[in-house]
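Colleague: The following block contains the structure, expressed as structure tokens.
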Amino acid sequence: MPILYLDNTVLFPGTTLVAKFNDNKSIQVINYCIQNNLPLLIQLYPIIGKNISYGTVAKIHHNSLKFDKKTNVVQIILEGTSRAKVNQIIQHIPYTIAEVEFKHENHGESIISNNKISKIKSLIENWANNEVKNSKDREKFITKLDSFPRIINYACFLLIRDPELQELLLESDSLTKRFQLLSNILLENRKQFDQTEFLVALKNFADVPKSNICH
């Protein structure tokens, strides 16, 4: 599957993004996928020395393609459909192609607080009221927040500022665990520390050997 890299954000399943590109590698992979009606894998642009395994499979809205000849900028709308893990890179030039494994999102069996879901949804609606100026577009967007997965994934996509933290959230197979992490970041610990500090704490927890974690 072809890979398209983003610089500062991580796309999640069920979310949409208006994205602009002006580098030849990205434009080539976009044209290839449109011409062959193929999905692509959206990943955070890799940092030297850091391996990024997970990404979101997305489709390109073909009627959204815009090209500015003066600036050589391509604009498209990407819609995330599912999570996937890169098993092997099989091509780098002219663009990256990988062998990927689709990853199912498990809703889990934990008790989920409807009150916390409502609060997270309200935070997204507040974001929309501030950032989406067109009232019809804003209303259309808010009506999309009609399910637990969409609320959680849009919160990860729009409200989390740190791409590394977004990446850690995407790696979680459980939507319930993702919800619990979001609750800690956006609701429980909001007054205690910022997202950068939470990321450090989360990474430190992830580095602890499982045998040392109390259950």
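Colleague: Just to be sure before I move on: is Gly14 crowded, with 19+ Cβ neighbours inside 10 Å, on the phi > 0 side of the Ramachandran plot and in contact (Cβ under 8 Å) with a residue 12 or more places away in the chain in the structure I sent?
Modeller: Yes: the conditions hold for Gly14.
Each row is one residue, and each column tells you yes or no for (1) within 15 Å of His92 (Cα to Cα); (2) modelled with pLDDT of 95 or more.
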position: Pro2; (1), (2): yes, yes
position: Thr15; (1), (2): no, yes
position: Asn24; (1), (2): yes, no
position: Gln28; (1), (2): yes, yes
position: Tyr32; (1), (2): yes, yes
position: Leu41; (1), (2): yes, yes
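Colleague: I'm trying to understand the selection: among the residues of segment 35-83, which are in contact (Cβ under 8 Å) with a residue 60 or more places away in the chain, of a type in the set (Gly, Ala, Ser) and surrounded by fewer than 17 Cβ atoms within 10 Å (Cβ to Cβ)?
Modeller: Residues satisfying the conditions are Ser53, Ser82.
Colleague: Sticking with this structure for a sec: Starting from residues that are hydroxyl-bearing (Ser, Thr, Tyr) and more than 17 Å from the chain's Cα centre (by Cα), keep the ones in segment 56-108 and report whichever is nearest to Glu171 (Cα to Cα).
Modeller: Across segment 56-108, the extreme among qualifying residues is Thr96.
Colleague: Can you find a residue in segment 15-26 that is polar (S, T, N, Q) and under 17 Å from Leu170 (Cβ atoms)?
Modeller: yes
The values are calculated or read from the model by the stated rules, or taken from the named source; none is laboratory data. Values in this document were obtained by computation on a predicted structure and should not be read as measured data. Ideal geometry is used to build each Cβ from the backbone, glycine not excepted, and the neighbour counts take in all protein chains shown.
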